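Shown next, in structure tokens, is the structure this report addresses.
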Amino acid sequence: MKKISREQVLKDYNKLKIVARKYTQKNDYEKALRTIFVAAGFMYTYSQIYFDDELEQLIKIIGDDLCLNISIRGDRPKKIMFYDGFGNDRRGLALIYLRALKKLGYGIVYVTYQEFSGTIDEISKLLDEHEIIYLQEKSVVKQIHELNNIINYNNICQVLLYMCPDDVVATTVFSQYKGVIERYLINLTDHAFWLGKEAFDYCIEFRSYGGNLSYQERKIEHDKIFCLPFYPNIACEEFQGFPFEGKNKKIVFSGGALYKTKGMDNLYYKMVEQIIQMDEDVIFYYAGEGDCSEIDKLIKKYPQKVYYSHERKDFYEVMKRCYVYLSTYPYFG
């Protein structure tokens, strides 16, 4: 496989930024924001930088020009918006925060996208129907106005932002609310590039690694960074079995987004191969999403010893039955 250099990544990324600037100058904000979305996703994938002030300022300019209705808040009710750009309660932090807010007595306005209505089952059970609002517009600019209207209609004074790295909707809207509402970013993607530096007042990290990156690389002020450790939600699911016979086997389990295993001259897969060769009773099992070409090579080379599947709802039941859990590398998580 051809190696991609840092120089080539940055060159291609800068081309996308040039296109985004041109669309912004022409006031074609739909195309500008979609180009920024592509640029952010591209840099998230290759992670050569952790933030980009140029893109942040483009988003701010677009938000200014869209003339969003930013009304000054009167009474400050004990109500908070939870913006969820991921829309998947089987992983991550959303369900944990929402349960905590419920226990603290907050009224919740939970906002996510219509396409995620089928992947938030536990959140739907936790919240009342009237507390969940779906963004339904297809156009990015219309979604921005839709979200802004929800904020004003509900007199939102505080928001928890749980955003994807390439979220151009929430970043555009909340970049306009500085000094109007309190904006807290839940930094789930602490290890890679993301948009949104202009959209929050405080950054909540779940580990010191992310806090250090935000301070040293993203240049976020120290007094804006807070660390709230991650305590996982243990989902109660029945064990669905293995795609192999696991009795009397030493199951080495690993999982997560497969891009986290790419890099460093395929060192992760070299480690896996050595582990397989160490003991004839070892079975390596990976559950995750993404480009599985390297896993496929191991499966072909070691049939009956290497297995792969998509993510599983019974993740914790699998963990209970594995001999060793192997973290991904060079990105862990």
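The values are calculated or read from the model by the stated rules, or taken from the named source; none is laboratory data. Remember, predicted model here, so these are calculated numbers, not experimental data. Here the Cβ positions follow ideal geometry from the backbone for every residue, glycine too, while neighbour counts run over all protein chains shown. Note: areas computed on protein heavy atoms with side chains; ligands, DNA, RNA excluded. Shrake-Rupley method; radii C 1.70, N 1.55, O 1.52, S 1.80 Å.
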- Query: What number goes with the only condition from (1) modelled with pLDDT of 95 or more; (2) under 22 Å from W194 (Cβ atoms) that T119 does not pass?
  - Reply: (1)
- Message: Would you confirm whether or not region 213-221 contains a residue that is among the basic types (K, R) and either modelled with pLDDT under 95 or under 24 Å from E289 (Cβ atoms) (or both)?
- Response: no
- Note on the structure: Residues of region 103-123 being open to solvent by 50 Å² or more (accessible area, probe 1.4 Å) and assigned to a helix (DSSP H, G or I), in sequence order, are K103, Q114, E115, D121, E122
- Subset of region 81-98 (residues that are open to solvent by 20 Å² or more (accessible area, probe 1.4 Å) and either touching a residue at least 60 places away in the same chain (Cβ under 8 Å) or on the phi > 0 side of the Ramachandran plot (or both)): F86, R90, R91, G92, I96, Y97
- Message: Being open to solvent by 80 Å² or more (accessible area, probe 1.4 Å) and free of Cβ contacts under 8 Å to residues at least 24 places away in the same chain is the filter here; which residues of region 217-226 pass it?
- Response: E221, H222, D223
- S124 is checked against (1) of a type outside the set (A, V, I, L, M); (2) farther than 22 Å from A192 by Cβ; (3) within 19 Å of the chain's Cα centre (by Cα) and fails just one. What number does that condition carry? (3)
- Message: Of everything in region 139-173, what is aromatic (F, W, Y) and open to solvent by 10 Å² or more (accessible area, probe 1.4 Å)? Give them in sequence order.
- Response: Y153
